[in-house]
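S.K.: Pasting a structure below so you can have a look.
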Amino acid sequence: MALRRYRLTSSQIILYGFLLVVLLGGLLLSLPVASASGRWTSPVDALFTAVSATCVTGLIVHDTATYWSLFGQVVILALIQIGGLGVVMVAFLVQFVSGSKISLIQRTLLQDSIAGDSVAGIIRMSLFIVRTIIVVELAGAAAFYLVFCRDFGPRMGLWYAVFHAISAFCNAGFDLMGVRAQYSSLTGYSTNVIVNLTVMALIIVGGLGFYTWRDIAEHGLHFRQYRLQSKISLTMTCTLVLVPAALFAIFEYASCQPGQRVLASFFQSVTARTAGFNTMDLTKLTDNGVLVMIFLMMIGGCSGSTAGGMKTTTFAVLLASSISIFRRRKDPVLFQRRISHQTVHRAMAILTLYVAGCLLSAMVISAVEGQPVLYCIFETASAIATVGLTMGLTPTFGLVSKLILMLLMFMGRVGGLTFLFATVPGSRVESAQFPAEDVNVG
């Protein structure tokens with residue numbers, strides 16, 4: 001009875017696993033060997049960086065290239081890779097390589113961690129994910145090396161290529177370009193076609209979702225044979241890249257040269273959905289541009305991917321639900337498939353959680369820091385959606401604001417509902433029901 005009382009749920013194991021990695025990473029980053037100056041880093045700043053890296057966010061309080069030593073950068077990259085793969089997936093890999101048997105409970109936990117639909121074939125699926133990640137990251141590093149070898153030399157160029165390939169694929173947004181100008185991200189490569197296209201490709205592939213990869217691998221370009229989730233993920237990804245890119249091209253970057261205008265518009269449209277890189281100065285965006293970025297950040301990438309946010313499928317379900325009400329249909333429909341009311345309720349709960357967390361946190365930070373609330377919403381949306389874009393405010397924040405952002409990043413990476421399921425005691429299933437009564441809404 002005592003053991004059963006303290007048995008952890010899948011949500012709690014995932015949450016505690018991420019927490020353990022964050023604490024270990026924060027401890028390593030606080031050591032003198034982790035900083036370029038050889039001094040101890042404050043526990044808050046070290047923990048903030050560890051949370052941001054493990055949660056593949058990219059918000060930083062110290063410039064990654066100039067503040068951290070090579071050891072510190074390696075720790076950050078390791079945390080990014082663990083955060084992108086997932087703690088459970090990393091634990092599975094260690095166990096698989098060691099030859100240990102994977103139990104049914106462990107398979108179920110692995111299924112939950114990658115948003116799988118069945119325990120059957122979960123080991124094969126997990127190995128497919130790992131192989132795909134290795135191949136894509138190596139391809140990205142090879143493309144980056146063509147540019148970084150020229151700019152930083154063969155050895156340093158290789159390190160820069162590997163670092164940015166992993167960071168981009170995991171949608172982390174950490175960069176090493178501070179050697180040119182601190183906190184500059186990729187602004188120095190705003191017209192470089194290879195860097196722009198490689199970063200965008202890695203972000204999109206990493207944010208599509210593991211099961212979408214499998215559908216593409218198994219069915220090629222036969223879109224009709226894909227699972228419903230893959231159809232939604234691909235359709236929403238294309239829509240959320242093309243439409244915002246057009247808006248940026250018309251309203252934000254109209255004064256740029258044609259080539260830079262196209263690259264900048266597409267890059268900002270892609271990176272806003274949880275990646276965290278930028279090739280243009282975000283502080284020069286109009287308020288409308290800031291709102292578009294916030295909208296994209298909150299939606300995020302696809303379920304079961306390295307990306308964060310509410311997820312494209314959540315937004316699609318909410319959109320389909322609204323359309324069904326407008327057209328007076330009983331159930332929402334996507335690609336000639338009916339969406340269950342349970343899925344709609346789950347999507348509404350996720351929307352409420354993310355919007356409330358973002359807005360309330362922004363109001364508190366605005367009051368504490370004395371900053372415009374719109375810019376604070378940008379920072380909190382970036383944190384909870386694990387994006388990493390910033391208007392330059394995060395490095396200036398005090399202790400309270402940093403703690404709020406850390407909580408938002410952690411919740412965003414673990415998953416809003418997973419975070420609640422792991423921390424809030426579940427209620428017992430009641431056999432009796434309360435009487436129903438309608439309420440007028442709208």
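The values are calculated or read from the model by the stated rules, or taken from the named source; none is laboratory data. These numbers were taken from a predicted model, which means no experiment stands behind them. Please note: Cβ atoms are built from the backbone with ideal geometry, for glycine as well, and neighbour counts cover all protein chains shown. What goes into the accessible areas is simple: the full protein's heavy atoms, side chains included, and nothing from ligands, DNA or RNA. Shrake-Rupley method; radii C 1.70, N 1.55, O 1.52, S 1.80 Å.
S.K.: Ile325 versus (1) surrounded by fewer than 17 Cβ atoms within 10 Å (Cβ to Cβ); (2) under 30 Å from Thr390 (Cβ atoms); (3) not acidic (Asp, Glu): which is the lone unmet condition?
M.R.: (2)
One line per residue, one yes/no per condition, for (1) over 11 Å from the mean Cα position of the chain (by Cα); (2) at negative phi:
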| residue | (1), (2) |
| --- | --- |
| Ile377 | yes, yes |
| Thr380 | yes, yes |
| Ala383 | no, yes |
| Gly388 | no, no |
| Gly392 | yes, no |
| Phe397 | yes, yes |
| Lys402 | yes, yes |
| Leu405 | yes, yes |
| Gly412 | no, yes |
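S.K.: Which condition does Val162 not pass, out of (1) among the β-branched types (Val, Ile, Thr); (2) open to solvent by less than 40 Å² (accessible area, probe 1.4 Å); (3) at pLDDT 95 or above, if it passes all the others?
M.R.: Single failed check for Val162: (2).
S.K.: Let me ask you something else. Does any residue in the stretch 238-262 that is within 17 Å of Met297 (Cα to Cα) and touching a residue at least 12 places away in the same chain (Cβ under 8 Å) come within less than 9 Å, Cβ to Cβ, of a residue that is open to solvent by 70 Å² or more (accessible area, probe 1.4 Å) and aliphatic (A, V, I, L, M) six or more places away or on a different chain, and which pairs are these?
M.R.: Matching pairs, first to second residue: Ala245/Val262.
S.K.: Moving on to the next point. Could you check the stretch 372-442 for helices (runs of 4 or more DSSP H) lying wholly inside it with 1 or more residues that are in contact with a helix residue (DSSP H, G or I) (Cβ under 7 Å, 6 or more places away or on another chain), within 13 Å of Gly357 (Cα to Cα) and at pLDDT 75 or above? Walk me through how you get there before you give the answer.
M.R.: Numbers: elements: 373-384, 399-414, 416-423.
So the answer is 373-384, 399-414.
S.K.: Filter the stretch 246-289 for residues that are part of a helix (DSSP H, G or I) and among the basic types (Lys, Arg) and give the result.
M.R.: Pass one, the stretch 246-289, residues part of a helix (DSSP H, G or I): 246-251, 258-271, 282-284, 287-289.
Residues satisfying the conditions are Arg261, Lys284.
S.K.: Scan the stretch 98-144 residue by residue and report those that are open to solvent by 50 Å² or more (accessible area, probe 1.4 Å), hydrophobic (A, V, I, L, M, F, W, C) and modelled with pLDDT of 80 or more.
M.R.: Result: Ile134, Val135, Leu138, Ala139, Ala142.
S.K.: Still on this structure: Could you tell me which of the residues Ala385, Ala316 is over 20 Å from Asn171 (Cα atoms) and either in contact with a Leu (Cβ under 8 Å, 6 or more places away or on another chain) or of a type outside the set (D, E, K, R) (or both)? Break it down stepwise before answering.
M.R.: Values: Ala385 fails: over 20 Å from Asn171 (Cα atoms).
So the residue among Ala385, Ala316 that is over 20 Å from Asn171 (Cα atoms) and either in contact with a Leu (Cβ under 8 Å, 6 or more places away or on another chain) or of a type outside the set (D, E, K, R) (or both) is Ala316.
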